[in-house]
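Please read the structure below before turning to the comments.
Any read-out appearing in this document is the output of simple, stated calculations on the displayed coordinates, not a laboratory observation. As the structure is a computational prediction, the values presented were derived from the model and not from experiment. Methodologically, a virtual Cβ is constructed for each residue, glycine included, from the backbone with ideal geometry; neighbour enumeration extends over all protein chains shown.
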Amino acid sequence: MTEKETTRTSQWGFLEFDPMLLVRDVAKRWLLILLVVALVSMSAFVYGTVSYKPNYQTSITYVTYTRSSSASVYSNLNSATAVASVFEELLNSSLLQGKILAESGLDVFDGTITARVVPETNLLNVTVAGHNPRSVFLVARAIVENHESVTYQV
């Protein structure tokens, strides 16, 4: 560098960049860099292991229809929408929940149960989700076996 360039870099506070100096510094501290990378990797693994909670779900599909012999497709679609809202309320009612828990042999179920109508059809999709696969299966099976006793009047 010329003297003019040297004074200009020192005047502005810039340092000279030498790639060989950088390579030598990295080579001297390779063990420290390796330890930092290992520490970050282990921390990420432990965090992922501790914070991960699997979510299991199963779904049941029902076909809704009206009991009258002269029912049209349009009335079946309307009844599916009406039944979905009522069925979800029934699933969350204490009567059906008590039957479900008694049938499945569980003390408490910490998952969710939702009912939705498949758009433009008379199909009702019930989804049971939770963190324990066994309890999700038992609750879904209990819904299938006991829903008729509560929903027959609907």
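Could you please report the charge total around Val139, scoring K, R as +1 and D, E as -1 over all other residues with beta-carbon less than 13 angstrom from its beta-carbon?
Values: positive: Lys99, Arg134, Arg141; negative: Glu103, Asp107, Asp110, Glu145.
Combined, the nearby Lys, Arg, Asp and Glu give -1.
For a quick protection proxy, order the peptides 42-54, 127-139 by their average other-Cβ count within 10 Å, most packed first. Let's see the in-between values first.
Details: 42-54: 8.7, 127-139: 17.8.
The packing order, highest mean first, is 127-139, 42-54.
Among 113-119, 24-30, how do they line up by average Cβ neighbours within 10 Å per residue, starting with the highest? The partial results should precede the final answer.
Working: 113-119: 15.6, 24-30: 9.9.
Averaged packing, sorted descending, gives the order 113-119, 24-30.
Computed from phi, the 3J(HN,Hα) profile of the stretch 108-121 under the Karplus parametrisation 6.51, -1.76, 1.60 (θ = phi - 60°) reads 8, 10, 9, x, 10, 10, 10, 10, 9, 8, 6, x, 6, 9 Hz, with x in place of Gly and Pro.
Going by average Cβ density within 10 Å per residue, which order do the peptides 98-105, 55-62 take, highest to lowest?
Details: 98-105: 15.5, 55-62: 13.9.
Result, highest mean first: 98-105, 55-62.
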